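What follows is calculated from the coordinates using simple rules that are stated; it is not laboratory data. Quantities reported herein were computed from a predicted structural model and do not represent experimental measurements. Quick reminder, even Gly has a Cβ in these numbers, built from the backbone with ideal geometry, and neighbours come from all protein chains shown.
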Amino acid sequence: MTTSPNATTSLNAVRRRRELAEVAEGTVDLLVVGGGVTGAGVALDAASRGLAVCLVEAHDLAFGTSRWSSKLVHGGLRYLAQGEVSLAYESAVERGILMTRTAPHLVRPLPQLVPLHGKAHDPVVMAGLRAGDVLRRLARTPSRVLPRPRHVPAAEALALVPGLDPHDLRGGLLAYDGQLVDDARLVVALARTAAGFGARIITRARVTALDGRTAHVTDVLTGESLTIRARAIVNATGVWAGNLVDVQLRPSRGSHLVLAAETMGITHTALTVPVPGTRNRFGLVLPQRDGRVYVGLTDEPVEGPVPDVPAVPESDVDFLLDMASSVLRRTLTRDDVLGAFAGLRPLLDTGGGPSADLSRRHAVLTSDGVTTVVGGKLTTYRRMAADAVDATGLTRAPSRTKSLPLVGSGIATGPAELVARYGTEATKVAEIGEVAWAVRHEGALDADDVLDRRTRTGLVPKDRKAREAVVRQGVEAELAALSA
């Protein structure tokens, strides 16, 4: 089965049906199982090297952990504190690639303030920030993209974050990191770029078993069974990897709350908040373009079966509200919470100790024709994908993705809000609307795909309820038009 480097990047129900029939009749070079950031990254890496690729996903693109991140593309400062210098450097390099080459339309500089109240250990924290800046320079990310860290006086700290508690505030440490407009949108961009190189991206196709180089698949939409044969298989299902192969994982839950920026006194600067009673652990208060703020992040082990959509326990809500309130003028309460979400990190089980201490380094494991990639972080997805494709032994061609722009990258015009999320495609999106664009070009197959992953309306239940009927009607009309 051949690949087409001139294929369209549009994903939709018609293409899905056609390509599902095609892969059932032949053998692909590489079958990728899992449509998160790692799986989509693997599909792009392999297809851009000239391999015939098929990606299958049981639900929708970015259905799992990839849509539940902090939306940060970070330089690995935490890894430095843990002594994992090579991992921190890898993160800094990959951050620079995303911000300057492959997805500058989706990743922007985010100012982050560490408030200094009372006897905060600012020399220690500043030393860490400066070490992170050394990594930025080594990664060759320009200071015009990510400015150098600096100390700011109390007056400037309050100007940056009006909601800060002014009592005993001595100032702050200001640094910069990368922020994704939307993690799910990065996954969609990766999948569509891969499709442009001929990769077959098929959602609602559940792999029930892997048998050597054969996958047994169920079409979730019709219930029909099929077999997909491949020269190699990559298992990129994250925390669900153990359902297909023998791998020991220790999932860790990362919870976030969604609040309104105006109620917190947050503008465009994020807060990095030292967690009381801990060393080298910080909470995050992250402003978004839509006037919301994400407050995170927990790191708690999860036992038992892995759910499709993790719940945020009450203990995490209390912890996050207390953490954010510790540096703000007003105490946050549950009435301030507009929504909540949690993702599960697919950490490799390397022994005892709390999940927060487990390495975020990725692992590529190969057995019986199946290559499984686990661990890692969203920031380093590209490196993970390249390593996984290399491990299959299918090609000696080097990875090209370091300098391969994703769809939407480039000089863009159009409505500012759409440019921020769609880049160069903003004008076309404005012409037909986001719902129609999602169905015709981004593979959305129902209203949930649009509400929860093509847009992030679903992060706030009240917003979701207000839009659901209109979006559902629009999706049904678009699907009917495609099938006509």
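Specify, per residue and in Å³, the volume enclosed by the convex hull of the alpha carbon atoms belonging to the range 252-345.
On the way: hull volume 10.0 nm³, N = 94.
It is 106 Å³ per residue.
Decide, for the range 416-483, between rounded, prolate and oblate: order the square roots of the alpha carbon gyration tensor eigenvalues as a ≥ b ≥ c, take rounded if a/c falls under 1.5, and otherwise choose prolate if a/b is larger than b/c, else oblate.
Taking the square roots of the gyration eigenvalues as a ≥ b ≥ c, the range 416-483 is oblate.
Any chance you could give the angle, 0 to 90 degrees and rounded to 10, that helix 314-325 forms with the longest Cα principal axis of the chain?
Compared with the principal axis, the helix lies near 50 degrees.
Straight-line reach from Lys465: which aspartates and glutamates fall under 19 Å, measuring Cα to Cα and dropping same-chain residues less than 8 apart?
Lys465 reaches Asp290, Asp335, Asp336, Glu434, Asp446, Asp448, Asp449, Asp452, Glu476.
How large is ³J(HN,Hα) for each residue in the range 328-339, as worked out from phi by the Karplus curve 6.51 cos²θ - 1.76 cosθ + 1.60 (θ = phi - 60°), to whole Hz, x for Gly and Pro?
My calculation for the range 328-339 gives 9, 4, 10, 7, 7, 10, 4, 5, 7, 7, 8, x Hz in order.
Run the quick spin-label model on Arg137 and Glu303: label points 7 Å from Cα toward the beta carbon, then report their separation in nm to one decimal.
Computed distance between label sites Arg137 and Glu303 equals 4.9 nm.
Students often get this wrong: which residues of the range 275-305 have the backbone nitrogen under 17 Å from the point 7 angstrom along Cα-to-C-beta of Arg330?
Answer for the range 275-305: 291-295.
Which one of Val207, Val475, Ala154 has its Cα pushed farthest toward the positive end of the charge dipole of the chain, where Lys and Arg give +1 and Asp and Glu give -1 at the Cβ?
Ala154
Given labels modelled 7 Å from the Cα in the Cβ direction, how far is it in nm from Val220 to Gln473?
A separation of 2.7 nm, rounded to one decimal place.
Hey, can you grab everything whose amide H is under 5 Å from the amide H of Leu332? Only 5+ residues off in sequence or another chain; H modelled, so Pro and N-termini drop out.
Placed amide hydrogens put Ser325 under 5 Å from Leu332.
For Ala21 and Ala260, calculate 0.36 nm times their separation in residues minus their Cα-Cα distance, and state this gained length in nm to one decimal.
Details: separation 239, 0.36 × 239 = 86.04 nm, distance 4.63 nm.
Residue separation times 0.36 nm, minus the Cα-Cα distance, leaves 81.4 nm.
Within the range 59-124, report the trypsin sites (Lys or Arg not before Pro) that DSSP leaves as loop and that have at most 14 other Cβ atoms within 10 Å.
Passing both the DSSP loop test and the Cβ count: Lys119.
Looking only at GluC sites (Glu not before Pro) in DSSP loops with at most 11 other Cβ atoms within 10 Å, what is the longest site-free stretch of the chain?
Here the longest run is 26-223.
Between helix 37-48 and the chain, what is the angle of the helix's C-alpha long axis to the longest principal axis, kept within 0 to 90° and rounded to the nearest 10?
Tilt relative to the chain: about 50 degrees.
Measure nothing fancy, just the Cα-based angle from helix 85-97's long axis to the longest principal axis of the chain, in degrees from 0 to 90, nearest 10.
The answer is roughly 70 degrees.
May I ask you to evaluate 6.51 cos²θ - 1.76 cosθ + 1.60, the Karplus curve with θ = phi - 60°, for each residue of the range 109-118 and list the ³J(HN,Hα) values in order in whole Hz, giving x for glycine and proline?
x, 10, x, 10, 10, 9, x, 10, 10, x
Under the rule of -39500 (n - 2.57) per DSSP H run of 4 or more residues, summed and divided by the residues of the chain, what mean residue ellipticity at 222 nm is obtained, to the nearest 500 deg cm²/dmol? List each step's numbers first, then the result.
On the way: 14 runs with 152 residues, N = 484.
That comes out to -9500 deg cm²/dmol.
Working out 0.36 nm times the residue gap between Ala416 and Arg170, then minus their Cα-Cα distance, what length gain in nm do you get to one decimal?
84.9 nm
So how much slack lies between Ala430 and Val85, counting 0.36 nm per residue of separation and subtracting their Cα-Cα distance, in nm?
Between Ala430 and Val85, full extension yields 119.8 nm more.
Return the subset of Lys402/Lys428; Lys402/Lys462; Lys71/Lys428 for which the Cα-Cα distance in this structure is over 31 Å, preserving the input order.
Values: Lys402/Lys428 27 Å; Lys402/Lys462 40 Å; Lys71/Lys428 25 Å.
Beyond 31 Å between Cα atoms: Lys402/Lys462.
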